[in-house]
Amino acid sequence: GWFYRTAFNRLAIRRGKSVYREAIEGGADEALAGARAQQEVENIFKNPPADIDAEAIEYARKSTFTMDLPPALRSIEGAFQHPIAKMVVPFFRTPANIALEVIERTPFAPISSRFRTDMAKGGPYRDLAMAKVTMGSALLVTFASLSSEGYLTGRGPGRRADREAL
């Protein structure tokens, strides 16, 4: 519910800002444009449009890793629905979605169909997809570099004498 409400509020405010910009471009003064934007946001909260509701639901499902899997993984998920397979792998969708989110934050993001879809949508979807790849890849390179230079070595030996020798 929290993720849904966060996305719903963000989308309502974005729509209100769009109405404000359109009013200003149409020649309205700031007070009138602000009133129109405020009215639009209030109308969205009173009677949510289907597109904003659907997008907020999609964001909530993505944030909780419960969204539908891409077609290639959906067929694998079906194989794990057998009762015997359920004993070995009780959950498939959530771990698979987490793995896809991790992949979308590495240089391998283009293999993800979700990444390609977001890039094709453009606008804020493209920006967010690029930000994920950029930040994830930058962190990956940073930690790999620190590790290769010996700054990140892990816990080290468990025995005191071995730690002192190290």
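Quick notes
- Some residue of segment 76-93 being under 26 Å from Trp2 (Cβ atoms), open to solvent by 70 Å² or more (accessible area, probe 1.4 Å) and out of contact with any Phe, Trp or Tyr (no Cβ under 8 Å at 6 or more places or on another chain): yes
- Qualifying residue in segment 26-48 (condition: closer than 27 Å to Phe8 by Cβ and in contact (Cβ under 8 Å) with a residue 40 or more places away in the chain): yes
- Within segment 102-121, residues that are within 12 Å of Lys132 (Cα to Cα) and open to solvent by less than 40 Å² (accessible area, probe 1.4 Å) sit with their Cβ atoms under 9 Å from residues that are charged (D, E, K, R) and part of a loop (DSSP other than H, G, I, E, B), at 6+ positions apart or across chains, in these pairs: Phe115/Glu104; Asp118/Glu104.
- The number of residues in segment 1-50 being closer than 27 Å to Met67 by Cβ and in a loop (DSSP other than H, G, I, E, B) comes to 4.
- Test: Ala99 is aliphatic (A, V, I, L, M) and without any contact (Cβ under 8 Å) to a residue 24 or more places away in the chain: yes
- Filter result for Arg105 (over 29 Å from Tyr4 (Cα atoms) and outside any helix (DSSP H, G or I)): no
- Within segment 80-95, residues that are closer than 20 Å to Pro70 by Cα and at pLDDT 85 or above have Cβ atoms under 7 Å from residues that are among the acidic types (Asp, Glu) and surrounded by 12 or more Cβ atoms within 10 Å (Cβ to Cβ) in these pairs: Phe92/Glu77; Arg93/Glu77, counting only partners at least 6 apart in sequence or on another chain.
Conditions tested, residue by residue: (1) acidic (Asp, Glu); (2) closer than 22 Å to Tyr125 by Cα; (3) open to solvent by less than 50 Å² (accessible area, probe 1.4 Å).
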position: Arg5; (1), (2), (3): no, yes, no
position: Phe8; (1), (2), (3): no, yes, yes
position: Ala23; (1), (2), (3): no, no, yes
position: Gly26; (1), (2), (3): no, no, no
position: Arg36; (1), (2), (3): no, no, no
position: Ile44; (1), (2), (3): no, yes, yes
position: Pro49; (1), (2), (3): no, yes, yes
position: Ile52; (1), (2), (3): no, yes, yes
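The values are calculated or read from the model by the stated rules, or taken from the named source; none is laboratory data. What you see is a predicted model; the values in this text were computed from it and never measured. Neighbour counts are summed over all protein chains in view; Cβ atoms, including those assigned to glycine, are modelled from backbone coordinates with ideal geometry. Ligands, DNA and RNA are stripped out before the accessible areas are found, and what is left, the full protein with its side chains, is counted by its heavy atoms. Shrake-Rupley method; radii C 1.70, N 1.55, O 1.52, S 1.80 Å.
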